[in-house]
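Working notes, beginning with the structure itself.
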Amino acid sequence: MPSPAHFRTAAAAIALAALTACSSTPPPTEQMAVTRTTVNRVAAAPSVATSAPVELQMARDKYMQAERAMATEDYVTARRLAAEAEVDARVAETRADASRNAANLAQVQDSIRALQEEINRRSPR
């Protein structure tokens, strides 16, 4: 039967292994840089602020949380939050593009309608 000393030694070894695994996770500096660039680029587009303010704010908030996780050396959380922030920024950008495309479509449809009315007016009856 194992003695309590064996249990303590095993528990200490497991704890040490867990700490080593956590500390061996490299900082996601590249992911953070890509996310920062993406969030800043998307935020600089005026159409995003008006068309997708919620998504843009979510991206900014998650990026700030990722920076706080980096500061506390919680690299796993920092990587996850940075990736989520990048996705949120891209969603905001896509929503802004969709809104702009819908406005363009409405304008083209109005032009087509006006042309059709002009054709109908000029055609002999």
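The values are calculated or read from the model by the stated rules, or taken from the named source; none is laboratory data. From a predicted model like this one, the values you see are computed outputs, not experimental measurements. Neighbour counts run over all protein chains shown; Cβ positions are idealised from the backbone, glycine included.
Give the number of residues within region 80-102 that are more than 20 Å from Ala43 (Cβ to Cβ) and surrounded by 12 or more Cβ atoms within 10 Å (Cβ to Cβ).
The qualifying residues number 1.
Among the numbered criteria (1) at pLDDT below 95; (2) surrounded by fewer than 13 Cβ atoms within 10 Å (Cβ to Cβ); (3) within 30 Å of Pro27 (Cβ to Cβ), which one does Thr37 miss?
Evaluating Thr37 over (1) at pLDDT below 95; (2) surrounded by fewer than 13 Cβ atoms within 10 Å (Cβ to Cβ); (3) within 30 Å of Pro27 (Cβ to Cβ) leaves (1) as the failure.
Here are Ser111, Ser123: which of them is hydroxyl-bearing (Ser, Thr, Tyr), modelled with pLDDT under 90 and more than 13 Å from Met32 (Cα to Cα)?
Every option except Ser123 fails the conditions.
Filter region 67-79 for residues that are among the small types (Gly, Ala, Ser) and touching a Ser or Thr at 6+ places or on another chain (Cβ under 7 Å) and give the result.
Of everything in region 67-79, just one residue is among the small types (Gly, Ala, Ser) and touching a Ser or Thr at 6+ places or on another chain (Cβ under 7 Å), namely Ala69.
Can you tell me which residue within region 65-79, out of those that are part of a helix (DSSP H, G or I), charged (D, E, K, R) and touching a residue at least 12 places away in the same chain (Cβ under 8 Å), is surrounded by the most Cβ atoms within 10 Å (Cβ to Cβ)? I'd like the intermediate steps shown before the answer.
Of all residues in region 65-79, those part of a helix (DSSP H, G or I) come to 65-71, 75-79.
Among the residues that remain, those that are also charged (D, E, K, R) are: 67-68, 79.
Narrowing further to those that are touching a residue at least 12 places away in the same chain (Cβ under 8 Å): 67, 79.
Working: Glu67: 16, Arg79: 21.
Ranking the qualifying residues of region 65-79, first place goes to Arg79.
Exactly one condition in (1) surrounded by 15 or more Cβ atoms within 10 Å (Cβ to Cβ); (2) over 31 Å from the mean Cα position of the chain (by Cα) is not met by Gln109; state its number.
Condition not satisfied by Gln109: (1).
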